[in-house]
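The block underneath contains the structure these notes are about, expressed in structure tokens.
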Amino acid sequence: MLLYKITHTKIGDNMSNNKKYNCFILFATFSRNIIEILSCVLLYKMNYSIKDILLFFSILYFLGIFISYFAIYLIKYIPPKVILFLSSLIFSFSYYYLSVMDNSITNLIIFSILLSLGSYLFHPIRHYYALMSLSIKRKKEIGNILIVSYMAIILSSYIGAYLTSTFGLVYVVIIIVILSIISILFLFNIKLNDKKIEYFKLEKNKLFFFIFEQFKVIFLTLQPLYLYLYVDNDIKYIGIINVIIGIASIIFTYFYVRKKNIYKSFRILNILFCFILVLKINIINKYILLIIAFFEGLGIKMYEVISSNNIYNIDNINKRGYIIEVELIFCLARSLICFIFFIFFNDIKIMLYISIFGIFISGLIKLYNNN
């Protein structure tokens, strides 16, 4: 009876924490996606070249390696909620700086530094809270987190594009600050373990998947600029595409996470997903692309369900050390990919093809389901 009471209480606490974390993710994802997804396009509209934009992302991700470590290290001395609040202010200010800066490489570098601070003081703390909020029934909880994220993306995608094109960046920055503060309020009662940082050796398959997974991130980062250049030079259209992707994502995630073994079909579905992406960058009819966007949403979120399970499915390891290692791999891989693109390529289509090939390779890596 005593054992049941203790176990029941712990699970109840975890469920409560999970709901709080979901509320945090809803508001935080909404506030950041209002503008972040349009970074490429906004820089291009300011007459920065594709090479300049790749340099911007190379610096942003490279600095993220050190900022992520700094953020996790600071948890021992500063409440993580304070770090998140600081990240929100810097993130918002970075886009205010973008709205007033002149076209120069110096300003581009300053913007990349500010945005890297605003982003990578946030992401590792977000992952840390997620690990502390999940119970032993991770798969469905991870699915719920993703569904909440997609709901926020659906809301923010078109609203962000509309606000940016209609009112300008300054008003968007104010909205980001308000929503970011609201998101942090949901974290106040989630308890975190402040253990010392310990490192361990990642499984080889997990490491390789983390590396090749970053091609998906780069594809999604460059995709808005491709749509703007080749399909429709109205950022509202990019918002509509993301709304459709988000709707498909919610439908797919709800059912996919309820499969007994989500890894079993991943390889075949990933091949289909890559085929859809190839199809997408060979069609310029904006109405047909809306249909393709729906199927892309199914594939993207299938991939992210696997990815999130791969990140969060851990036991009995030091979570602060783990998050530092994961963020280091993410940022280093992204920075290297962008820098290689910066050195050798100037055609965004070629970069997208290479990214699709990287996504294809990631699907061949054997992952283990421990749920």
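The values are calculated or read from the model by the stated rules, or taken from the named source; none is laboratory data. Being a predicted model, the structure only gives us computed values, none of them experimental. All Cβ positions, glycine included, derive from the backbone under ideal geometry; neighbour counts span all protein chains shown. We work out accessible area using only protein heavy atoms, side chains counted, and drop any ligands, DNA or RNA first. Shrake-Rupley method; radii C 1.70, N 1.55, O 1.52, S 1.80 Å.
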- Using only alpha carbons, build the gyration tensor for region 82-133 and give me the equivalent ellipsoid semi-axes, biggest first, whole Å. 27, 10, 6
- Message: No solvent, one uniform scatterer per C-alpha: report log10 I(q)/I(0) for region 292-338 via the Debye equation at q = 0.14, 0.20, 0.23, 0.32 1/Å, two decimals.
- Response: -0.51, -0.82, -0.91, -1.03
- Note on the structure: Protection proxy (average C-beta count within 10 Å per residue), highest first, orders 173-184, 240-251 as 240-251, 173-184
- Which value, in Å² rounded to 10, gives the accessible area of Phe219 with a 1.4 Å probe and all protein chains present? 0
- The simple spin-label model distance between Leu202 and Leu74, using points 7 Å out along Cα→Cβ, in nm, is 2.3
- Task: Normalise the Debye intensity by I(0) for region 200-248, one equal point scatterer per Cα, no solvent, then take log10 at q = 0.14, 0.17 Å⁻¹ and round to two decimals.
- Result: -0.51, -0.63
- Under a plain spin-label model, where a point goes 7 Å from the Cα along Cα-to-Cβ, how far apart in nm are Lys51 and Ile271? 4.0
- Message: Expected output is a single nm value to one decimal: the length gained when fully extending between Ile291 and Lys349, i.e. 0.36 nm times separation in residues minus the C-alpha distance. What is it?
- Response: 18.8 nm
- Query: How much area per residue is accessible in region 283-371 when the probe is 1.4 Å and only protein heavy atoms are counted (Å²)?
  - Reply: 41
- Task: Can you send over the solvent-accessible area of Arg267, 1.4 Å probe, protein chains only, in Å² to the nearest 10?
- Result: 110
- Provide Leu336, Leu117, Leu222 ordered by accessible surface of protein heavy atoms (probe 1.4 Å), highest first. Leu336, Leu117, Leu222
- Where in region 215-230 does the amide nitrogen come within less than 17 Å of the point 7 Å from the Cα of Ile340, taken along Cα to Cβ? 215-222
- Note on the structure: Put Glu36, Glu296 in order of accessible area, largest first, probe 1.4 Å, and you get Glu36, Glu296
